[in-house]
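Below is one structure, written out as structure tokens; comments come after it.
The numbers here are math on the coordinates, done by the rules we state, and not lab data. Given the structure is predicted, the values throughout are model-derived calculations rather than measurements. Every residue, glycine among them, receives a Cβ derived from its backbone with ideal geometry; neighbour counts consider all protein chains shown.
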Amino acid sequence: MERIRVGIVGFGKIGRLRAEVVAHHPGMELVSVADPTPAGPDRPAGGAFHEGADSLLRPGVDAVFVCPPH
């Protein structure tokens, strides 16, 4: 089974929770996280963190969680 490649926009509380779900789901892979705030110590591993959302527009991202602050 091919894994779903997931991106996340917004890496606040909800974005981090979504990243945990993706990390623990055998059918998903986190490939990109976009947030305008510079990456901190809790950023995802593997170089997936980007400050601009343009990283989510490239081929290889199948689905995107949009997690803005509210």
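General remarks:
- Sorting the segments 23-30, 60-67, 11-18 by their mean number of nearby beta carbons within 10 angstrom, highest to lowest, gives 11-18, 60-67, 23-30.
- Förster radius 22 Å - calculated FRET efficiency between VAL61 and VAL21, Cβ distance, rounded to 0.05: 0.85
- Charged neighbours of VAL64, selected by a Cβ distance under 12 Å, balance to +2 (K, R count +1; D, E count -1).
- Counted charge near GLY27, where neighbours are those whose Cβ lies closer than 13 Å (Asp, Glu -1; Lys, Arg +1): -1
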